[in-house]
1. Does H207 fit the bill of being assigned by TED's automatic domain parsing to the domain that holds T98, surrounded by 15 or more Cβ atoms within 10 Å (Cβ to Cβ), assigned to a helix (DSSP H, G or I) and at pLDDT 80 or above?
2. Taking the stated definitions as given, is L292 modelled with pLDDT under 70 and aliphatic (A, V, I, L, M)?
3. Tell me the helices (runs of 4 or more DSSP H) entirely within segment 69-148 that contain at least 2 residues that are surrounded by fewer than 16 Cβ atoms within 10 Å (Cβ to Cβ).
4. Given the options S159, S167, name the one that is among the small types (G, A, S), part of a helix (DSSP H, G or I) and surrounded by 20 or more Cβ atoms within 10 Å (Cβ to Cβ).
5. Please give the number of the condition A88 fails out of (1) in contact with a helix residue (DSSP H, G or I) (Cβ under 9 Å, 6 or more places away or on another chain); (2) under 22 Å from L131 (Cα atoms); (3) among the small types (G, A, S).
6. Here is a list of conditions, (1) surrounded by fewer than 22 Cβ atoms within 10 Å (Cβ to Cβ); (2) in a helix (DSSP H, G or I), and P26 meets all of them except one; can you say which number that is?
7. Confirm whether V238 is closer than 30 Å to I127 by Cβ, touching a Leu at 6+ places or on another chain (Cβ under 6 Å) and either modelled with pLDDT of 70 or more or surrounded by fewer than 13 Cβ atoms within 10 Å (Cβ to Cβ) (or both).
8. Which members of segment 31-56 meet the condition of being in a strand (DSSP E or B) and among the hydrophobic types (A, V, I, L, M, F, W, C)?
Amino acid sequence: MPGDIVGRLQMVKKPPSKKTVDELRPRLSIVIPIFNEAESLAPLHQRLSEGLAATEGLQEVLYVDDGSRDGSPEILRKIASEDPRVRALFFKSNFGQTAALSAGIDHARGEVIITLDGDLQNDPLDIPLLLNKLDEGFDVVSGWRKNRQDNAVSRTLPSNVANWLISRVTGLPLHDYGCTLKAYRRTVFDDVRLYGEMHRFIPAYAHWTGARVTEMVVRHHPRVAGESKYGISRTVKVLLDLLTMTFLHSYSTKPIYVFGGMGGLLGLVSVLTGVFVCVRRLFFHGEWMSPLILVSSVLFVGSIQFVLMGLLAEILVRTYHESQGKTTYAIREIVESPRKDSKG
C-alpha cells in the first residue's frame, strides 16, 4: 500500500513531456505596441485575424498598452477576453515604443516574432509573406514601405536621410529601418537589450552577430484614425542612438581608443595653437593672448566633454539595468483569456 501511494505521488508530480510542451507553445508571436489607438483597435484586430488565418500552427498576439489615456485599455481587455490568442500587457505609465516592444518580446513564447504598429498603417495581411520570406533561410525580414503614405517633408524626407546614414554606419544597407513591421527568429533576441529608440537597430545588431538579414516591400496605408505620435524631433533622437550604438558596438570594451584619440586631438590642437601664437608674436608683433583662440578652445573642449559624458552615461545606464536584471518598463497587469487550447 505505501508503495502504491508513493508511485501515485510520483505520477502526479511528473512534469509534462517535452513533446506536450512543444505542442502547446505557439509558433508565431505578434507584438503590437499601443498608445492612444482606441479608434484603430477593433479594425486592426479584425484585419490581424484575417492575416493570421493564412498561417499555420498556434499563434499568440501580445498587445502592449504604453500608458494610453483614450480608452484603449478597455478595448484591449474586451479583445483579450474574447480571443484566446490574445494577451494584453498594460504599462503603469508611458515608457515609449521601444520599451513596449521590449516588453512584448520578453513575454512572447513563439519561435518567430513579428512586430507591427497599432495604427493600421502596417498591413497584417503581409504577415504570411514575411513568414514565407523567413522560411527561405533568413533570421530577420525587415519591411520596406516603398510607397510610404506619410508627410513627405516632416516624416519621409528625414527618415530617408536617417536610413541612408544608418546603412552607411552599420554596414547593413536597408531602405527602411523605421518600419515596425518585421519578422524575427526568436534566437535573434538572445543577446539584445533595447533602450531609447534602439528597436529600429535590431536588424543591425543581428547582422553584426552573423544573422542573415533581408528586406521585402510591404504595404503602407494612410493613417485613418488618431494622430501620429512622432515628429521630426524623433530623427535627432535616432541619430543620437546611432552614435551610442556604434560606440557600444565598437568601443565598449576598449574606450581608451576613443578617449585617447580625443585627448591626442586636443593635444595636437593645443600645440598648433601655441605655435601659431608664438610665431605671430615673434615675427609679426602680435599679442600673446588672442581672445579668438581662447573662445574657440573653450567651445571645442566643452563640446567634446558633452559628447563623452553622454556616452559614459549610456554605459552606466546599461550597467545599472543589466547587472540587476532590471527592465526599462513596469507592467501593471496582464489580461488574457482562460481558454488556451484554441488554434488561430
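The values are calculated or read from the model by the stated rules, or taken from the named source; none is laboratory data. Just so you know, these numbers come straight off a predicted model, no measurement behind them. For neighbour counting, all protein chains shown are included, and Cβ atoms are generated from backbone atoms with ideal geometry for every residue, glycine included.
1. When the stated conditions are applied, H207 passes them.
2. yes
3. By residue number, 72-82, 127-134.
4. Checking each option against the conditions leaves just S159.
5. (2)
6. The single condition P26 does not satisfy is (2).
7. When the stated conditions are applied, V238 does not pass them.
8. V31, I32, I34
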